[in-house]
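K.L.:
Sharing a structure below in structure tokens format, with a few things to ask.
The values are calculated or read from the model by the stated rules, or taken from the named source; none is laboratory data. Please read these numbers as outputs of a predicted model, since none were measured by experiment. Backbone-built Cβ (ideal geometry, glycine too); neighbour counts: all protein chains shown.
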Amino acid sequence: MGFIEILLVLVIVTDLALLGASRINSCIRFAAAQGILLGVLTLVSGAEGHTLRGIALAIVSAGVKGVLFPALMTRAIREARVRREIEPVVGYTTSVLVGVASLAVSLWISSRLPLVRPAASTLVVPTAFTTILVGLFLILSRKKALNQVTGYLVLENGIYSFGVALVEAPFLVELGVLLDVFVAVFVMGITIFHINRTFDRIDTDLLSSLKD
Amino acid sequence: MEQVLLGLAALVLSGLAALVLQRAAKLAALVATGGAVLGSAIALVPVLRALTGGEAPSLHAAWSVPYGSLSLELDALSALFAGIVLVLSPLAWIQGVGRLVALEGKRSLGPPLFFQNLLAASMVLVVIARNGVLFLLAWEVMFTASFFLVTFHDDDESVRDAGWTYLVATHLGTAFLFGLFVLLGAGSQSFDFDRLAAAPHTPVATGLAFVFALVGFGTKAGFVPLHSWLPGAYPAAPHHVTAVLSGAMSKMGIYGIARFLTLLGPPPAWWGWVLVGVGLTSGLFGIISALAQKDLKRFLGFSSIENVGVVALGLGVGVIGQATGHPVVAVMGHGGALLHVINHAMMKGLLFLSAGSIADATGTREMEKQGGLLKRMPRTGSAFLVGAVAISALPPLNGFASELLIYLGAAREATLGSTSTAVHGLAVIGALALMGGLAAAAFTRVSGAILLGEPRTDAVGRASEPSLLAGAPIFVLAAACLALGLGAQVVLEAIAPALSLVRASLGFATGPLAYVVVASCALLLLVALLATLRLALLSGRRVEAAGTWDCGYVRPTARIQYTASSFAQPLVELFSGALRTRRSTVLPAGIFPKEASHATETPDALTEEVYRPVFTAIRSALVRLHGLQGGRLQVYVLYIALTLLFLLIFQL
């Protein structure tokens, strides 16, 4: 097992940890760790790894996902003065089981998925899919807007890892995705602020009272 | 053709100008109506030339839309219908100016003025379009314009309901038109009409196309059972708009059927049977329902259903004539049908416009509340009477001429020798006779209730003649009804090119009409003679006037008058099975009864008994889908995630 596999397994572990975490702060920390892991992954995988571009991409992505976003979100929690529990729709144990199930589905998908060129490791595709599915599941199963932001981040991490490890990562595309995520987090931060101000809580299910 | 397009441009541009100028309501109304009159006059010149057998101008240009092309042609059939639009709509818009300007400050007048002109222009485009895509486009513009006119008084809930029904019914009908064009145009590179006609079709495909055309166009024309939008939409629209909806727009449905009868090639006999069946149901159902109505415009709406039924009967006779190879029968049937289209446009326009003036003057459309209007509004009242006589198909007015032609065609058909044509012809004659009798009863009832007797409310008692501007179009249409009646022979000869049949057999149709003209003139002379005699007898004698329905009571009240409902009661009882009239009665009780009342209401039986249950069932089935839209963000994301996952796994 090479260094790259160890990194990928660690990414999966952070996925499962995110599903099992019961406090918002730990969620944010796991997401940050995942972001840094992906930055390292950029460095060690593929031809892109050792060029100046690759190094710059790794540093920028690790910096934004590992430092900037967590800082923003921690600040948002402080400002909004919300309860630190997550209040999931689906319980923690069930969530972890769903995570394992999505890992199984990802392994099956990756065995069937035709690839244009071989990946850096056989684990890359399953990891990417698991991360994407876990991100989606986090968005689905957590009520608090902040958790949905972390879910969105995880989702993006999945896409990113797919791109870095598989495609001859076009620098501009990666930067574009990063910018997307940045704007999304920014907008969500504003939304969280407004939901909080309107409802005194940041549970998104309160938004259903806005439907016609 | 350029001249027609110039006229249409004038219509649309003046409508747009009215939209811009809507702050100054009077100016906007002047510009839009002036533009309508001018545009119609410009377009009417080539239309009349084409109608009377001149060269049919046409225009072809490429269009980037798939299957589309800008193909226009103004042949005699198109010209006949375009002529109706271009004559009736400016008259109606002139009558409506005062009505709209009176609403200044309460409503913005730009949209109705714009949509009026757009409606007229789109109807002309419908009849000159020679490409399926262009036709459907014009058809939809026509619907949209009329929809916004129908829902003009959208603060009234019943108007919104009527608009909704109109929307749904029209789109169901238009879906069949799409089917029609796809069916005929399949395998062809474009939906140009001449290609649709030239392409070889199996008898099954042609038959299916005929049924699609009948359903799609029949919805607009108001054939039973596709009429359910009509009794709601006609009363909802402003009065002068209803005149155009009934007089011109419902004729677009007839145009479509007539056009496709020419495109689909020689018709088989069963089309004639279907058309007669449709005409029979529409005619009888329409006039029986009309008998039970109390709302003046709703009544006229049901009468329109009866009249498109008459047209369908005529077309049915014509088709049988074509199918069995008897051009005389064909020319009488089709000729009668087309003549009735023109006649009905004029007389229904006249009736709706005068009914509109009456409703404006009295503030109500309820005929049970009116009365004695012939004394208070002699000119409008007489015009209404002229329309009533015309639509009851009595000589010397125009309704008689066209129905007589259909009678003659059916009679000739019945005597052709074969059993099936005999049954067919006799069915048409019987239906026409029954419809004519019932129509006469219905219009006697209405005219009696609103024009004769004493006013039943104070507002009706204070009613007075409308302004000259609102009165003139009514007068013009009344004169047109008389002229079309006396000149039926000339008119039929003029529209003969529209029949696209051998001119040789036209003599059989125009011959009887010549007698009609002579008889009508004799009748008019007789009436004049009797009137002179009456004047002579009364001169030099004292003429006393007393209250109507005075009956020797000391203090009579207007409420003891015979009402419209009482007049119709025996007939309504007779047809109660089809009408489903709702009654609510409180009988007098005790020695000194305090209260007693009796009320009847007759909604459209088919809508209540068939469409409402069906649509309610559809609604309750679809309501379950509301659960999908729970308003929860997470659930929405779940839908997206599941869809993406499904697509991914599905592709593997």
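K.L.:
State whether the residues of segment B:162-182 include one that is more than 30 Å from B:ALA323 (Cβ to Cβ), β-branched (Val, Ile, Thr) and buried (at least 16 other Cβ atoms within 10 Å of the Cβ). Quick ask: steps written out before the conclusion?
P.N.:
Pass one, segment B:162-182, residues more than 30 Å from B:ALA323 (Cβ to Cβ): B:162-171.
Cutting the leftovers down to β-branched (Val, Ile, Thr) gives us B:165, B:168, B:170.
Subset that is buried (at least 16 other Cβ atoms within 10 Å of the Cβ): B:165, B:170.
Scanning segment B:162-182 turns up at least one residue that is more than 30 Å from B:ALA323 (Cβ to Cβ), β-branched (Val, Ile, Thr) and buried (at least 16 other Cβ atoms within 10 Å of the Cβ).
K.L.:
Which condition does B:THR585 not pass, out of (1) within 14 Å of chain A (Cβ to nearest Cβ); (2) among the polar types (S, T, N, Q); (3) touching a residue at least 12 places away in the same chain (Cβ under 8 Å), if it passes all the others?
P.N.:
Single failed check for B:THR585: (1).
K.L.:
Next up: Given the condition of a type in the set (Gly, Ala, Ser) and under 19 Å from the mean Cα position of the chain (by Cα), answer yes or no: does some residue in segment B:427-435 qualify?
P.N.:
Looking only at segment B:427-435, we keep the residues that are of a type in the set (Gly, Ala, Ser), and these are B:427, B:430-431, B:433.
Restricting the remaining residues to those that are under 19 Å from the mean Cα position of the chain (by Cα) gives none.
For segment B:427-435, residues of a type in the set (Gly, Ala, Ser) and under 19 Å from the mean Cα position of the chain (by Cα): absent.
K.L.:
Considering (1) over 24 Å from B:LEU80 (Cβ atoms); (2) among the hydrophobic types (A, V, I, L, M, F, W, C); (3) assigned to a helix (DSSP H, G or I), say which one B:VAL224 fails and leave the rest.
P.N.:
All conditions are met except number (3).
K.L.:
Can we say B:GLN634 is surrounded by 15 or more Cβ atoms within 10 Å (Cβ to Cβ) and within 14 Å of chain A (Cβ to nearest Cβ)?
P.N.:
On the way: surrounded by 15 or more Cβ atoms within 10 Å (Cβ to Cβ): yes; within 14 Å of chain A (Cβ to nearest Cβ): yes.
So B:GLN634 passes the test.
K.L.:
While we're looking at this one, here's another question. Please count how many residues of segment B:410-444 are surrounded by 24 or more Cβ atoms within 10 Å (Cβ to Cβ) and over 20 Å from B:THR281 (Cβ atoms).
P.N.:
Qualifying residue count for the region: 2.
K.L.:
Can you tell me which of (1) within 12 Å of chain A (Cβ to nearest Cβ); (2) more than 19 Å from A:VAL105 (Cα to Cα); (3) surrounded by 11 or more Cβ atoms within 10 Å (Cβ to Cβ) is the one B:TYR611 doesn't meet?
P.N.:
Against the list (1) within 12 Å of chain A (Cβ to nearest Cβ); (2) more than 19 Å from A:VAL105 (Cα to Cα); (3) surrounded by 11 or more Cβ atoms within 10 Å (Cβ to Cβ), B:TYR611 comes up short only on (1).
K.L.:
Here's something else I'd like to know. Quick check on my filter: what residues within segment B:443-460 are in a helix (DSSP H, G or I) and among the acidic types (Asp, Glu)?
P.N.:
Filtering segment B:443-460 for residues in a helix (DSSP H, G or I) gives B:443-451, B:458-460.
The answer is B:ASP458, and nothing else.
K.L.:
With the requirement that a residue be within 10 Å of chain B (Cβ to nearest Cβ) and of a type in the set (S, T, N, Q), what does segment A:129-160 give you?
P.N.:
A:SER141, A:GLN148
K.L.:
While we're here: Take B:LEU628 and tell me if it is within 14 Å of chain A (Cβ to nearest Cβ), loosely packed, with under 10 Cβ neighbours inside 10 Å and closer than 30 Å to B:TRP164 by Cβ. If you could, list the steps in order and put the result at the bottom.
P.N.:
On the way: within 14 Å of chain A (Cβ to nearest Cβ): yes; loosely packed, with under 10 Cβ neighbours inside 10 Å: yes; closer than 30 Å to B:TRP164 by Cβ: yes.
In short, yes.
K.L.:
Going through B:ALA463, B:ALA472 one at a time, which residue ends up being in a loop (DSSP other than H, G, I, E, B) and either closer than 22 Å to B:ASN398 by Cβ or assigned by TED's automatic domain parsing to the domain that holds B:ALA361 (or both)? Steps first, please.
P.N.:
Numbers: B:ALA472 fails: in a loop (DSSP other than H, G, I, E, B).
Going through B:ALA463, B:ALA472 in turn, the sole match is B:ALA463.
K.L.:
Of the conditions (1) outside any helix (DSSP H, G or I); (2) within 14 Å of chain A (Cβ to nearest Cβ); (3) small (Gly, Ala, Ser), B:ALA641 clears all except one; give me its number.
P.N.:
(1)
K.L.:
Further question: Does segment B:104-127 contain at least one residue that is at negative phi, surrounded by 23 or more Cβ atoms within 10 Å (Cβ to Cβ) and without any contact (Cβ under 8 Å) to a residue 60 or more places away in the chain?
P.N.:
yes
K.L.:
To continue, here is another question. Could you count how many residues in segment B:445-458 are within 18 Å of B:GLY547 (Cα to Cα) and either surrounded by fewer than 15 Cβ atoms within 10 Å (Cβ to Cβ) or in contact with a Phe, Trp or Tyr (Cβ under 9 Å, 6 or more places away or on another chain) (or both)? Spell out the reasoning first.
P.N.:
Initially, segment B:445-458 is screened for residues within 18 Å of B:GLY547 (Cα to Cα), giving B:448-458.
Going one step further and asking which of them are either surrounded by fewer than 15 Cβ atoms within 10 Å (Cβ to Cβ) or in contact with a Phe, Trp or Tyr (Cβ under 9 Å, 6 or more places away or on another chain) (or both), we end up with B:448-451, B:453-454, B:458.
Number satisfying all stated conditions: 7.
K.L.:
Would you point out which residue out of B:GLY577, B:GLY547, B:GLY590 is at pLDDT below 85 and surrounded by fewer than 10 Cβ atoms within 10 Å (Cβ to Cβ)?
P.N.:
Working: B:GLY547 fails: surrounded by fewer than 10 Cβ atoms within 10 Å (Cβ to Cβ); B:GLY590 fails: at pLDDT below 85.
Exactly one of B:GLY577, B:GLY547, B:GLY590 is at pLDDT below 85 and surrounded by fewer than 10 Cβ atoms within 10 Å (Cβ to Cβ), namely B:GLY577.
Yes or no, residue by residue, for (1) polar (S, T, N, Q); (2) modelled with pLDDT of 95 or more; (3) in the same structural domain as B:LYS348 (by TED's automatic domain parsing):
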| residue | (1), (2), (3) |
| --- | --- |
| B:GLY54 | no, no, no |
| B:SER69 | yes, no, no |
| B:LEU74 | no, no, no |
| B:ALA79 | no, no, no |
| B:LEU100 | no, no, no |
| B:LEU103 | no, no, no |
| B:ALA120 | no, yes, no |
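Conditions (1) at pLDDT 85 or above; (2) under 24 Å from the mean Cα position of the chain (by Cα), marked per residue:
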| position | (1), (2) |
| --- | --- |
| B:LEU452 | yes, no |
| B:ALA478 | yes, yes |
| B:GLY487 | yes, yes |
| B:LEU499 | no, yes |
| B:VAL516 | no, no |
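K.L.:
Still on this structure, please answer the following. Do the conditions hold for B:ALA617, that is, is it away from every other protein chain (no Cβ under 14 Å), at pLDDT 80 or above, surrounded by 10 or more Cβ atoms within 10 Å (Cβ to Cβ) and more than 30 Å from B:THR457 (Cβ to Cβ)?
P.N.:
Details: away from every other protein chain (no Cβ under 14 Å): yes; at pLDDT 80 or above: yes; surrounded by 10 or more Cβ atoms within 10 Å (Cβ to Cβ): yes; more than 30 Å from B:THR457 (Cβ to Cβ): yes.
Here the answer is yes, as B:ALA617 does meet what is asked.
K.L.:
Residues in segment B:306-320: is at least one in a loop (DSSP other than H, G, I, E, B) and touching a residue at least 60 places away in the same chain (Cβ under 8 Å)? Walk me through how you get there before you give the answer.
P.N.:
The initial filter retains those residues of segment B:306-320 that are in a loop (DSSP other than H, G, I, E, B), namely none.
Checked against the condition, which is being in a loop (DSSP other than H, G, I, E, B) and touching a residue at least 60 places away in the same chain (Cβ under 8 Å), segment B:306-320 yields no hits at all.
K.L.:
Here is a list: B:PHE650, B:PHE592. Which entry is farther than 17 Å from B:PHE285 by Cα, within 14 Å of chain A (Cβ to nearest Cβ) and out of contact with any Leu (no Cβ under 9 Å at 6 or more places or on another chain)? Working first, answer last.
P.N.:
On the way: B:PHE592 fails: within 14 Å of chain A (Cβ to nearest Cβ).
Just a single option satisfies the conditions, and that option is B:PHE650.
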